[in-house]
1. Starting from the range 20-45, take each residue that is surrounded by 12 or more Cβ atoms within 10 Å (Cβ to Cβ) and list its partners that are of a type in the set (F, W, Y), counting only C-beta distances under 7 angstrom and pairs at least six apart or across chains.
2. Since E59 meets every condition but one in (1) at pLDDT 95 or above; (2) surrounded by 12 or more Cβ atoms within 10 Å (Cβ to Cβ); (3) more than 13 Å from the chain's Cα centre (by Cα), which condition does it not meet?
3. Restricting to the range 15-34, name every residue that is farther than 16 Å from I5 by Cβ and either touching a strand residue (DSSP E or B) at 6+ places or on another chain (Cβ under 8 Å) or assigned to a helix (DSSP H, G or I) (or both).
Amino acid sequence: MTDDIVARLRNCNCIPHCLCAEAADEIERLRAERDEARRAIIILLAGTDIAAMHRLADERGWDCFKGATDDNA
């Protein structure tokens, strides 16, 4: 996303900064949870074939392996 809501919230000056920061933190937490669930689905479908994992994720338009720190990507 080129115009990411998290970045806009972190730089927002129109409402209390603490509210913006809290919202940005929650969005980041939910995105991480979503990506973890997506990786679990891909692993169930592809097994241990890393190339197949990335192909399946790409087919779905998921970037759930971007920044993944586990050994499955």
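The values are calculated or read from the model by the stated rules, or taken from the named source; none is laboratory data. Note that this is a predicted model, so its numbers are computed, not measured. Quick reminder, even Gly has a Cβ in these numbers, built from the backbone with ideal geometry, and neighbours come from all protein chains shown.
1. Sorted first by the residue in the range 20-45, then by its partner, the pairs are R38/W62; R39/F65.
2. (2)
3. Those that are farther than 16 Å from I5 by Cβ and either touching a strand residue (DSSP E or B) at 6+ places or on another chain (Cβ under 8 Å) or assigned to a helix (DSSP H, G or I) (or both): C18, E33.
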